[in-house]
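What follows is a set of notes on a single structure, which appears directly below.
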Amino acid sequence: MSSFTGTQQKCKACEKTVYPVELLSADGVSYHKSCFKCTHCKSRLQLSRYSSMEGVLYCKPHYEQLFKESGSFTKNFQSPAKPAEKSSPELV
Ligand SMILES: [Zn+2]
Ligand SMILES: [Zn+2]
């Protein structure tokens, strides 16, 4: 389609193309600036203060609230059945 493929970034949150002017890169993962917010309360996040679970973004308080109090926090990070490594099936 376009001759500019190859360097296009996709937003991890909405999976649409991110153009440089709206690109926000967190730990090597690209987001729209407008998508870099807590999924739960929709508040804007800062690069120094955010958490993500499988590409879904949360503010620190909600991340701890949702995953620690539910008990799945411990499960997700310490389950011996599943390796902790992230897989990136759509990484191109
Ligand atoms: Zn986005
Ligand atoms: Zn929140």
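The values are calculated or read from the model by the stated rules, or taken from the named source; none is laboratory data. Only a predicted model underlies this, so the values are computations on that prediction, with no experimental measurement involved. Neighbour counts are summed over all protein chains in view; Cβ atoms, including those assigned to glycine, are modelled from backbone coordinates with ideal geometry. Note: areas computed on protein heavy atoms with side chains; ligands, DNA, RNA excluded. Shrake-Rupley method; radii C 1.70, N 1.55, O 1.52, S 1.80 Å.
Within this structure, residue 82 fails the test of being away from ligand 2 (no atom under 12 Å from the Cβ), modelled with pLDDT of 90 or more, open to solvent by 100 Å² or more (accessible area, probe 1.4 Å) and not hydroxyl-bearing (Ser, Thr, Tyr).
Reported count of residues in the range 14-44, each being open to solvent by 40 Å² or more (accessible area, probe 1.4 Å) and closer than 23 Å to residue 68 by Cα, is 8.
Every residue in the range 24-44 that is outside any loop (DSSP other than H, G, I, E, B) and of a type in the set (Gly, Ala, Ser), please.
Taking the range 24-44 and keeping what is outside any loop (DSSP other than H, G, I, E, B), we get 24-26, 29-35, 37, 44.
Across the range 24-44, the qualifying residues are 25, 26, 30, 34.
Criterion first (in a helix (DSSP H, G or I), within 24 Å of residue 9 (Cβ to Cβ), modelled with pLDDT of 55 or more and not hydrophobic (A, V, I, L, M, F, W, C)) does residue 87 satisfy it?
Numbers: in a helix (DSSP H, G or I): no; within 24 Å of residue 9 (Cβ to Cβ): yes; modelled with pLDDT of 55 or more: yes; not hydrophobic (A, V, I, L, M, F, W, C): yes.
No, not satisfied.
Can you spot a residue in the range 45-62 that is modelled with pLDDT of 55 or more, assigned to a helix (DSSP H, G or I), open to solvent by less than 40 Å² (accessible area, probe 1.4 Å) and on the phi < 0 side of the Ramachandran plot? Even if it seems obvious, please write down each step before you answer.
Let us first name the residues in the range 45-62 that are modelled with pLDDT of 55 or more, namely 45-62.
Within this subset, residues satisfying the condition of being assigned to a helix (DSSP H, G or I) are 60-62.
Of the ones still in play, those that are also open to solvent by less than 40 Å² (accessible area, probe 1.4 Å) are 62.
Filter again for on the phi < 0 side of the Ramachandran plot, leaving 62.
Yes, there is a match, as at least one residue in the range 45-62 is modelled with pLDDT of 55 or more, assigned to a helix (DSSP H, G or I), open to solvent by less than 40 Å² (accessible area, probe 1.4 Å) and on the phi < 0 side of the Ramachandran plot.
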